[in-house]
2 protein chains.
Amino acid sequence: MERIAAYYLIETPYPVEDAAAVLAGEQSSGTFVAVPGETAELKTRFAARVEQIELLEEVSEPALPGDTPANTTFKRARVKVSWPLDNVGYNIPALISTIQGNLYELRQFTGLKLDDIELPATFTDRFRGPAFGLEGTMQLAGVTAGRPMIGTIIKPSVGLTPEYTAQLVKTLAEAGIDFVKDDELMTSTANSPFAARVEKIMRVINNFADRTGKRVMYAFNITGDLETMEANYDTVVKAGGTCAMVSINSVGWSGVKRLCDRGALSIHGHRNGWGMLNRHPLLGINFPAYNKIWRLAGVDQMHVNGIKNKFWESDDSVVRSIRSCHTPFIGNESVLPVVSSGQWGGQAFETYKRTKTTDLLYMAGGGIIAHPLGPEGGVRALRQAWESAVAGLTLEEAAAKHLEFGRSVEKFG
Amino acid sequence: MERIAAYYLIETPYPVEDAAAVLAGEQSSGTFVAVPGETAELKTRFAARVEQIELLEEVSEPALPGDTPANTTFKRARVKVSWPLDNVGYNIPALISTIQGNLYELRQFTGLKLDDIELPATFTDRFRGPAFGLEGTMQLAGVTAGRPMIGTIIKPSVGLTPEYTAQLVKTLAEAGIDFVKDDELMTSTANSPFAARVEKIMRVINNFADRTGKRVMYAFNITGDLETMEANYDTVVKAGGTCAMVSINSVGWSGVKRLCDRGALSIHGHRNGWGMLNRHPLLGINFPAYNKIWRLAGVDQMHVNGIKNKFWESDDSVVRSIRSCHTPFIGNESVLPVVSSGQWGGQAFETYKRTKTTDLLYMAGGGIIAHPLGPEGGVRALRQAWESAVAGLTLEEAAAKHLEFGRSVEKFG
């Protein structure tokens, strides 16, 4: 019988084996008392199993509220638990409830974080995964290997008119940008209704493509209820767009899956709200598990934060997330990591040093739009930063060599 | 201009006003540098505003990783922030991204929890809310005021056949149960395909209704991708069912909304995964905000845990959640609080004492199915417990007066 496996980082005042057994019981055939019908045969067929336990450190204070027996330490461990595929089949929301459900409620744990998951190879037959993924999305944006896609975010996040936004897109296109996106706060506002924004922006993008052969990818934020998202999706397709952005946590798995299934647009997965799922070191979910769940829905592009970002997330976590996006999964090609948050090009050196890849969508908002030489200077500076990083130059050498990047270092460095 | 407001519990090493201003900026018109286009007029129209700050305690250690300047304390506060309705309109996933998005990532906070939200009265015109809600669901189950709906969960959670489950439902119906539900781990398993389970169980329920006039409500777990949920929903409606259960966190807001919009079944909202959103005292979301978001989708029944539950959640939090379900919202009637987790009737006394209400779905799993006198005894014991609690008896008096409840106290007390 094929099995599904999940890895957890846990903390418990009890013996680790006992706590892990409670988790396995709660998430399969157990309840708080023995009940009729819980036969040995049923347990053999449907019970979850603790597969391995790797002991980590012990601490004197619990990470989260829970049971605190007197005179104990809190043991940390990484444990692997498995379930028969039969329990949930290929139903992903049911899988989520199994590996990520009531177990966070168990008082036997003072810390519990889902770290990674492993699925049987048969999932490949049932899930297409991303329709475009990393390679397909880069092709769609006309970016060939050897450099990252360079992108920016329309700022201010909310309040600009379609006309102003379209004018900004024109400037950015002429500056050589590959990708532009709505902010996640911008869907359809009183002074920038969605359809009007698409029309104005796509006119600019289509004209530029006709003139130059380069079709800038614009991620229109279609986030909403299903009726809104489906209508917005159609609007983008009809206007010749290539991409739609969705706030995946706000919409949820089943809604995102339905959009991805349509397959006409590369789906830009914005993970806003991620902090509430990940910020505590021993609560929630780590990116490798999170990423796989969304790749099963078919998301093509996934946010991963950036090196030296403006948020709290550590560089190590960002590097692990980029690797996770590049790791093949259920037979699909990889998903495109979207590097963003306080990026302006200076981080290209450390990013390349630590990941040795340019298979990225590298996004700068203020770093491009507020560049001292204008957005053209901002785009040039980013390209210069990446060329220099790949060529092995230091930040200082690149700043001395390139005018625009030099000005970036003066302003943002 | 109408505004949307959110209340947060925060912790920060910086002056509270400064940190709150960062939050308001990040979640409306700001980025990490000033950008062209961010005019005074735009800010006036679209900027978020810090409305009030209530200072709480100061602590010496941060609750979460974030900025930790030297020689500082960490200030806690409850702050109110508001946004113009124009920023998101009536788009709830966009609203979620605004009030519950990237703000959890801000390093200026070492704690941030969304506590409650307030919406303008115009939301009433756009959202029906629950199709059945508290009153409608109780009516559908044939329960008249003065006592809670009594419910149980099929246990073991997974592994039983449709035949065995249907037989158990028959026993429970004859014992006087009002409500039975699938476990959240049970959707469609190899030995209990969804359609077969519905057919077998509804035959029992329909026969019992024909014979007695009482239609037991069964919450079939339809959780899945949209195709699966829509097919399962139809299966339940066609078979004469009155209720469907959805794991709301696993499916997500947009998928749940589409189901609720259909309006033929009372939707039982299971919040498994809640612990990851709520367990840390200064990260995630509190129930009053969470509950409102799901009432906007149209969920009719909402899990709230129970007094002295088997999980970690405090009684105070449970009581607050029950009150939150009973508080009218956007003009709708209230949502039915589902009290469960380690309940067996003994908690009825404290539950009634603290909430003074019987407008509940009171669920016991093992507490009914593992009762020493069988499920009939278990159902009777629960009814006795609630009658006694409402009549002002103590647990001991009730145990002395009623055989079945007395046996519950012996086994579970």
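No lab work stands behind these numbers, since they all come straight from the coordinates. For clarity, every value in this text was computed on a predicted model and none was experimentally measured. Heads up, the Cβs are rebuilt from the backbone with ideal geometry, glycines too, and the neighbour counts pull from every protein chain shown.
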In degrees between 0 and 90, to the nearest 10, how far off the longest principal axis of chain B does helix B:253-262 point, with axes built from Cα atoms? 50
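Nearest-5 percent of antiparallel DSSP beta bridges in chain A? It would help to have the intermediate numbers written out before the result.
Values: 27 of 54 bridges.
Restricted to chain A, the bridges split so that about 50 percent are antiparallel.
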Only bridges with both residues in region B:141-299 count here: give the DSSP antiparallel percent, nearest 5. 5
Longest principal axis of chain B (C-alpha) makes with the long axis of helix B:194-212 (C-alpha) an angle, in degrees to the nearest 10, of 60
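Which whole-number percent is the relative contact order of chain B (Cα, under 8 Å, 6+ apart)?
Numbers: 822 pairs, mean separation 66.0, N = 413.
Computed over chain B, the figure is 16 percent.
Calculated from DSSP H runs of 4 or more alone, at -39500 (n - 2.57) each and per residue, what is the 222 nm mean residue ellipticity of the protein assembly as shown, nearest 500? Could the numbers behind the result be given before it?
Values: 36 runs with 343 residues, N = 826.
Here the helix-only value at 222 nm equals -12000 deg cm²/dmol.
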Extended-chain gain in nm, criterion 0.36 nm per residue less alpha-carbon gap, A:Asp261 and A:Asp125: 47.5 nm
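Within 10 Å of each residue's Cβ, count the other Cβ atoms and sort A:Lys238, B:Lys292, B:Lys214, B:Lys181 from fewest upward.
Values: A:Lys238 12, B:Lys292 19, B:Lys214 15, B:Lys181 25.
Ordered from fewest to most neighbouring Cβ atoms within 10 Å, A:Lys238, B:Lys292, B:Lys214, B:Lys181 come out as A:Lys238, B:Lys214, B:Lys292, B:Lys181.
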Angle, helix B:16-26 long axis vs. longest principal axis of chain B, Cα atoms, 0 to 90°, nearest 10? 80
Between A:Glu51 and the same site in the other copies, what are the distances in nm, shortest first, taking label points 7 Å from Cα along the C-beta direction? 4.9
Which distances in nm, rounded to one decimal and ordered from shortest, link the label point of B:Glu397 to the equivalent label points in the other identical copies, with labels set 7 Å from Cα toward Cβ? 8.7
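Using the beta-carbon distance between B:Glu333 and A:Gln167 and R0 = 41 Å, what value does 1/(1 + (r/R0)^6) give for FRET efficiency, to the nearest 0.05? Walk me through the numbers on the way to the answer.
On the way: r = 49 Å, r/R0 = 1.20.
E(calc), rounded to 0.05, equals 0.25.
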Sort A:Asp225, B:Asp261, B:Asp359 so that the residue with the fewest other Cβ atoms within 10 Å of its own Cβ comes first and the one with the most comes last. B:Asp261, B:Asp359, A:Asp225
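Too long at a 22 Å Cα-Cα cut-off: which of A:Lys43/B:Lys155; A:Lys113/B:Lys181; A:Lys113/A:Lys292; A:Lys308/A:Lys411? Write down the numbers at each step before the final one.
Numbers: A:Lys43/B:Lys155 12 Å; A:Lys113/B:Lys181 28 Å; A:Lys113/A:Lys292 15 Å; A:Lys308/A:Lys411 16 Å.
Pairs exceeding the cut-off: A:Lys113/B:Lys181.
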Going by the alpha-carbon gyration tensor, a ≥ b ≥ c the square roots of its eigenvalues, is region B:133-412 rounded (a/c under 1.5) or, if a/c is not under 1.5, prolate (a/b greater than b/c) versus oblate? oblate
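Please work out whether region B:88-140 counts as rounded, prolate or oblate from its C-alpha gyration tensor, where a ≥ b ≥ c are the square roots of the eigenvalues and a/c under 1.5 means rounded, while otherwise a/b larger than b/c means prolate and anything else oblate? Mind showing how you got there, number by number?
On the way: a/c = 3.43, a/b = 2.01, b/c = 1.71.
Prolate is the answer for region B:88-140, as a/c is 1.5 or above and a/b outweighs b/c.
If the only charges are +1 at each Lys and Arg Cβ and -1 at each Asp and Glu Cβ, what is the size of the charge dipole of chain A around the Cα centre, to the nearest 20 debye?
Numbers: 42 positive and 46 negative charges, 219 e Å.
Computed about the Cα centre, the dipole is about 1060 debye.
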Taking the Cβ of A:Phe132 as the centre, find all other residues whose Cβ is under 10 Å away and add up their charges (Lys, Arg: +1; Asp, Glu: -1). -3
Taking the dipole of chain B about the Cα centre (Lys, Arg +1; Asp, Glu -1; charges at Cβ), the one of B:Ala40, B:Ser28, B:Tyr362 that reaches farthest to the positive side is B:Tyr362
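Only loop residues by DSSP count here, and only those with at most 13 other Cβ atoms within 10 Å; note down the GluC sites (Glu not before Pro) in region B:1-104 that meet that.
Here the GluC sites (Glu not before Pro) that fit, given the DSSP loop and packing criteria, are B:Glu2.
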Where both partners of a DSSP beta bridge lie in the protein assembly as shown, what percent of those bridges are antiparallel, to the nearest 5? 50
Let me check I've understood the local charge: for A:Val198, count other residues with C-beta under 12 angstrom from its C-beta, Lys and Arg +1, Asp and Glu -1. What total comes out? +1
Given axes a ≥ b ≥ c from the Cα gyration tensor, I'd like to know whether region B:123-246 is rounded (a/c under 1.5), prolate (a/b larger than b/c) or oblate. oblate
Quick note on B:Leu103, A:Leu119, ordering by fewest other C-beta atoms within 10 Å, gives A:Leu119, B:Leu103
Reachable aspartates and glutamates, given that their alpha-carbon falls under 15 Å from the alpha-carbon of B:Lys200 and they are not under 8 places away in the same chain: B:Glu163, B:Asp182
